[in-house]
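Heads up: the structure comes next, in structure tokens.
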Amino acid sequence: MKAQTRSLSVPSGLIHILYLSVLSLAFLLVQISQVHARGAPESFADLAEAVSPSVVNITTTTLVEFDDNMGPVIPEGSPFEDFFRDFQDRQQQQPGERNRTRRSQALGSGFIISADGYVVTNNHVIEDADEIMIELFSGGELDAKLIGRDPKTDIALLKVDVDEPLPFVSFGDSDVSRVGDWVMAVGNPLGQGFSVSAGIISARNRELSGTYDDYIQTDAAINRGNSGGPLFNMDGQVIGVNTAILSPDGGSIGIGFSMASNVVSRVVDQLQEFGETRRGWLGVRIQDVTSDMAEALGLESTVGAMVTDVPDGPALDAGMEAGDIILTFDGRDVRDVRDLVNQVGNAPVGKTVDVEVLRNGDNVVLSVTLGRRELAEGELDEEELVEEEQVPQETEILGLSLMVLDDAMRTDLGLDDDDEGLFVSRVDENSEAFEKGLRAGDIIEKAGQRRIETIEDFEAQIAAAKDAGRKSILLLVRSGGNPRFIALSVKD
């Protein structure tokens, strides 16, 4: 019996409909791709022409003292060594004044943000300057006075007196800028003056070394002298202030950093109003929640900021405690330490905010009236460093040689009479404790979020962690006066 095959016939009308549907779908996809993928502009000329009049060159002059007796440094054994030594000897025999001053000049960039002459630049451009001169795009020169500066964000605000309105630019919203967007930098690279370069945003939210860092990384050419100049989006808005480059020789290799405009604009507003910054202050020491810390506490995620210490200040007055995990601040979620620091710093001084914390598994809301960070700085971290103290009678646990604090040790270590905990006299260098930074001289104040005063207290908390099925235990450790949380494995 022969196998029979069955064929299906499709009406020609249906084929035509399917063909039109495919074409329509293809056309729609092309439209979508055109919406989300903007091509490179044909030219930056119109943008450069529009914004360049608002950009200025900045020249600073500083009086520097120098010594006439100081000569060139000649390597030992150089054929010129004897010649320069004889020359210096003759110079030293000449009577008269040896120390003099000379004028040292530096170049930078800036941009005008108001018709009446407010100018933004980097703090490091004008720092220690005795005179500040700005050169306008039109060619005129004006003396500038310093209104205020903020070393934490490397931003300074200047003011020039003018009779006629100046061309100026406005800040854009840096938070809506995306990696891959086109940007244009304008400034005074290497003293060349009013130079334009273009590129894309290479990365966002870069952190270099400052507390409030939020840098835009770009491959637009930025060189020495570009500092303080603007980074524009394609709408002619300033979304960054060119501040730093990553380079082995001081020249651009396509890795430049601009402080995000949403940080700069807040600083500029305060400098313009007060002549200084006024940042909110919570008054806590904090650290990020690590995965092993989360496991030790039975948490499902590492979001939030762990409070390691609560010195005198707004948080202590509100009832915050070491071991609390800050989850929200003034109604906004807290992702990590950096996020909390920025939220608090941007909050108004004197504002009362709700802070939600996780404490021993329960959510607690605290009402905190913020202080001012600038007034509080310098009052923290004043505890003396705890020096290593060798004492007999030690107990070894988890790679740590531990001792109970007594009155004599508190006196020797400069501790308060009511300070409790276990003193770490030695740490096994092959242990997990050493790997995570515990050192001789540290003091363990809490284990499993419980205060400990004896070796037995510590052992009991380790046993409790094991009974609860936890793989690690959370320790509150004070190192050189600075508290932090560390999670150590308790597996047998």
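The values are calculated or read from the model by the stated rules, or taken from the named source; none is laboratory data. Bear in mind that the values here come from a model prediction, so they are computed numbers and not experimental data. Cβ placement follows ideal geometry from the backbone for every residue including glycine, while neighbour counts extend to all protein chains displayed.
Against the conditions (1) modelled with pLDDT under 95; (2) under 28 Å from ASP116 (Cβ atoms), PHE171 satisfies every one except (1).
Within segment 137-152, residues that are farther than 15 Å from VAL120 by Cα sit with their Cβ atoms under 6 Å from residues that are of a type in the set (D, E, K, R) and not in a loop (DSSP other than H, G, I, E, B), at 6+ positions apart or across chains, in these pairs: GLU141/GLU135. Loosely packed, with under 12 Cβ neighbours inside 10 Å, in contact with a Leu (Cβ under 9 Å, 6 or more places away or on another chain) and modelled with pLDDT of 55 or more - does that describe any residue in segment 62-77? Taking every residue of segment 62-77 in turn, none turns out to be loosely packed, with under 12 Cβ neighbours inside 10 Å, in contact with a Leu (Cβ under 9 Å, 6 or more places away or on another chain) and modelled with pLDDT of 55 or more. ARG332 falls short on exactly one of the conditions (1) surrounded by fewer than 22 Cβ atoms within 10 Å (Cβ to Cβ); (2) more than 18 Å from ASN482 (Cβ to Cβ); (3) over 24 Å from the mean Cα position of the chain (by Cα), and that condition is (3). Exactly one residue out of ALA294, ALA322 is free of Cβ contacts under 8 Å to residues at least 12 places away in the same chain and either within 14 Å of LEU475 (Cα to Cα) or surrounded by fewer than 17 Cβ atoms within 10 Å (Cβ to Cβ) (or both), and it is ALA294. What do you reckon, is ARG204 assigned to a loop (DSSP other than H, G, I, E, B) and within 29 Å of ASP46 (Cβ to Cβ)? So ARG204 does not fit the description; no.
Within the bounds of segment 189-203, is there any residue that is in contact with a Ser or Thr (Cβ under 6 Å, 6 or more places away or on another chain), under 28 Å from MET133 (Cα atoms) and surrounded by 23 or more Cβ atoms within 10 Å (Cβ to Cβ)? Among the residues of segment 189-203, at least one is in contact with a Ser or Thr (Cβ under 6 Å, 6 or more places away or on another chain), under 28 Å from MET133 (Cα atoms) and surrounded by 23 or more Cβ atoms within 10 Å (Cβ to Cβ), which makes the answer yes.
All told, LEU398 meets the bar of being over 22 Å from ASP309 (Cβ atoms), aliphatic (A, V, I, L, M) and out of contact with any Gly (no Cβ under 9 Å at 6 or more places or on another chain). Of all the criteria given as (1) in contact with a strand residue (DSSP E or B) (Cβ under 6 Å, 6 or more places away or on another chain); (2) of a type outside the set (Asp, Glu); (3) touching a residue at least 60 places away in the same chain (Cβ under 8 Å), the one not satisfied by SER197 is (3). I'd like to know if segment 415-427 contains one or more residues that are surrounded by fewer than 18 Cβ atoms within 10 Å (Cβ to Cβ) and either assigned to a helix (DSSP H, G or I) or at pLDDT 90 or above (or both). No, segment 415-427 contains no residue that is surrounded by fewer than 18 Cβ atoms within 10 Å (Cβ to Cβ) and either assigned to a helix (DSSP H, G or I) or at pLDDT 90 or above (or both).
Among the residues of segment 219-275, which ones are hydroxyl-bearing (Ser, Thr, Tyr), surrounded by 22 or more Cβ atoms within 10 Å (Cβ to Cβ) and outside any loop (DSSP other than H, G, I, E, B)? Within segment 219-275, THR243, SER258, SER261 meet the criteria.
VAL179 falls short on exactly one of the conditions (1) more than 23 Å from GLU49 (Cα to Cα); (2) without any contact (Cβ under 8 Å) to a residue 40 or more places away in the chain; (3) surrounded by 14 or more Cβ atoms within 10 Å (Cβ to Cβ), and that condition is (3). Only one of the listed residues (VAL162, VAL120, VAL125) is of a type in the set (Val, Ile, Thr) and in a helix (DSSP H, G or I). That residue is VAL125.
Hey, does segment 442-454 have a residue that's assigned to a strand (DSSP E or B) and acidic (Asp, Glu)?
Quick first cut of segment 442-454, residues assigned to a strand (DSSP E or B) only: 443-447, 450-451.
Going one step further and asking which of them are acidic (Asp, Glu), we end up with 445.
Among the residues of segment 442-454, at least one is assigned to a strand (DSSP E or B) and acidic (Asp, Glu), which makes the answer yes.
For SER138, the criteria (1) buried (at least 16 other Cβ atoms within 10 Å of the Cβ); (2) farther than 27 Å from GLY275 by Cα; (3) of a type in the set (Ser, Thr, Tyr) hold in every case but one, which is (1). Kindly indicate which of ALA487, ALA464 is closer than 23 Å to VAL307 by Cβ and without any contact (Cβ under 8 Å) to a residue 24 or more places away in the chain. That would be ALA464, the only listed residue that is closer than 23 Å to VAL307 by Cβ and without any contact (Cβ under 8 Å) to a residue 24 or more places away in the chain.
So that you can scan it fast, the table gives a plain yes or no per residue for (1) at pLDDT 60 or above; (2) among the hydrophobic types (A, V, I, L, M, F, W, C):
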{"residue": "PRO79", "(1), (2)": "no, no"}
{"residue": "ARG103", "(1), (2)": "yes, no"}
{"residue": "GLU141", "(1), (2)": "yes, no"}
{"residue": "ILE147", "(1), (2)": "yes, yes"}
